[in-house]
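Asks: Input: one structure, supplied below.
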Amino acid sequence: MSAHQHVYLREPATVIPGPVPKQYEFLKAPGPLRKYRINFRHPAYARDDNPLFTLYAWDHVEGGIHHGLAHNACSIFADNRIDGYLSRTCDGEHGERIKAAWDDFLPAADTDYYFYRQASTNMVFRADSALPPSGESRPPYRWPVVANFQGWKFPSVMPEIWTRCERTQGTGSNTAPQSTLTAAIRQRDVSCRITAFESGTEVAHLVPEHERQWFLSNSMATWNTDLTLDPDNLLRDFSNAVLLRSDMHTAFDQRKFVFFPKDSEGFVLHMLEPTSDIGLLYHNTRLNIPQCSLEFLLRGERVVEEVTNAIVLGRKGTASRSNSPTKRSRIAAGLDEEDDEYTPKRHRICEAASAQCSFDSSLSTLEDTIGAGHGQLPSHLHTMDTAQSSWQSENGEIMELPPENVYIEGLQRKALAQQRPPGYVLQRSPYDRHRPAKDELELMGVEIIESLDDDLYDTDLWTDPPT
């Protein structure tokens, strides 16, 4: 099956659906078959450790996925590197680039695709990255992974596959005050933008309220159409809202589908998860949402929430840098230490590592931190001592490797720190009613004395309580 075929797109839906096009009758099957899944991998890691994510391939009867959508999802986890490319092969430094247009589909018969991207020209290689023997190429570049969508920073330059739709988007106007957003969106859209139903509709937000912190840290209000909104209502902009039938609104919030520009004419609905009805009726159906901002639609295009194997990618990345069996065994066992007997020392180590450490591994590179012609790390950059399976805090203290959940939390903290505005003061962790009282006191800076030394207990100073 050739990749040089366009994805078949359906016309906008009507209240009374017509017959299912023959191109999508296969969606009547009781469940997704194996051939309708595609794995996307990192080329620099072993096959068992390199999955980035898996997508359902429902863009063709034999299994296939829109090339532009797959590339866009990969580039997000490669920190917005839209210059990367997909390959069916994992051979050396450069895989064979797929020669397909954005709107062609990638066959699922190959099952696995690798996303390659090049190191920047100002990249400074480590001393152990010697030139390979004559006739051989370097291994693939180990580009850094954005572990989850929450740690993703909105791109400064929109991808080409999105900008081609600029003429069809952003044509709306704000004609009502912010207190009547629902009424204004009902008046603007009239019916559900997917199903054409007028009854049972609700206003859905492309960037929801619970992502307010991400919205503010990425200055997304820049793309609001209503510049008079007060700070408490920045997400209530008309270009961030769309009218959907209530069940479609629920499915949208559950990430069952996204809106994606599968050609230059506008957006379609793309299914991410199997359903008994929505996919059969509306997968690849054209949508009429010209008033929605391209930027908010891009944020809503969360094809994947997080990479499949962030923990393994990070752990294997550090382990691969040591050839010592002893060191490798310590690294491999580092994440199993949480099974040991609980001690106050370990508790304090984990808390300190969560709050202070700069989490890094061989997934992270010197790119974007070392200027051209300079070979030293900035003074604020602290790295993980992989040889000793330990963490180095900001005050130089060497601490044991924290458990998996703290490791992932650290990756998220590092991504958030890079997005904070200048002069941001990090506050203490928010109160969690499920956190034990002892943990809460330690976060407040209270020193917990685990046991009272005998020399501190003076019977002459301590009197018995009254009876």
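Asks: Name, by its number, the condition in (1) touching a Gly at 6+ places or on another chain (Cβ under 6 Å); (2) exposed (fewer than 12 other Cβ atoms within 10 Å of the Cβ) that does not hold for LEU27.
Replies: (2)
Asks: Right, something else. Taking only pairs six or more apart or across chains, which ones have beta-carbon atoms under 8 Å, a first residue in the stretch 178-204 that is touching a residue at least 12 places away in the same chain (Cβ under 8 Å) and farther than 26 Å from HIS283 by Cα, and a second residue that is among the small types (Gly, Ala, Ser) and not in a helix (DSSP H, G or I)?
Replies: Here the result reads LEU181/ALA241; ALA184/ALA176, each pair linking the stretch 178-204 to a residue that is among the small types (Gly, Ala, Ser) and not in a helix (DSSP H, G or I).
Asks: Considering GLU136, GLU202, GLU166, which residue is within 19 Å of ASN288 (Cα to Cα), modelled with pLDDT under 90 and not basic (Lys, Arg)? Let's see the steps before the verdict.
Replies: Working: GLU136 fails: within 19 Å of ASN288 (Cα to Cα); GLU202 fails: modelled with pLDDT under 90.
Answer to the check: GLU166.
Asks: Select from the stretch 252-275 the residues that are free of Cβ contacts under 8 Å to residues at least 60 places away in the same chain and surrounded by 21 or more Cβ atoms within 10 Å (Cβ to Cβ) and write down the one among them that is nearest to SER219 (Cα to Cα).
Replies: At the first step, the residues of the stretch 252-275 found to be free of Cβ contacts under 8 Å to residues at least 60 places away in the same chain are 252-259, 275.
Checking the rest, the ones that are also surrounded by 21 or more Cβ atoms within 10 Å (Cβ to Cβ) come to 252, 257, 259.
Details: PHE252: 24, PHE257: 26, PHE259: 22 Å.
Selected residue: PHE259.
Asks: Residue under question is GLN418, and the condition is that it be assigned to a loop (DSSP other than H, G, I, E, B), modelled with pLDDT under 75 and polar (S, T, N, Q); does it hold?
Replies: no
The values are calculated or read from the model by the stated rules, or taken from the named source; none is laboratory data. Just so it is clear, the model here is predicted, and its values are computed rather than measured. As a convention, Cβ positions derive from the backbone with ideal geometry for all residues, glycine included, and neighbour counts pool all protein chains shown.
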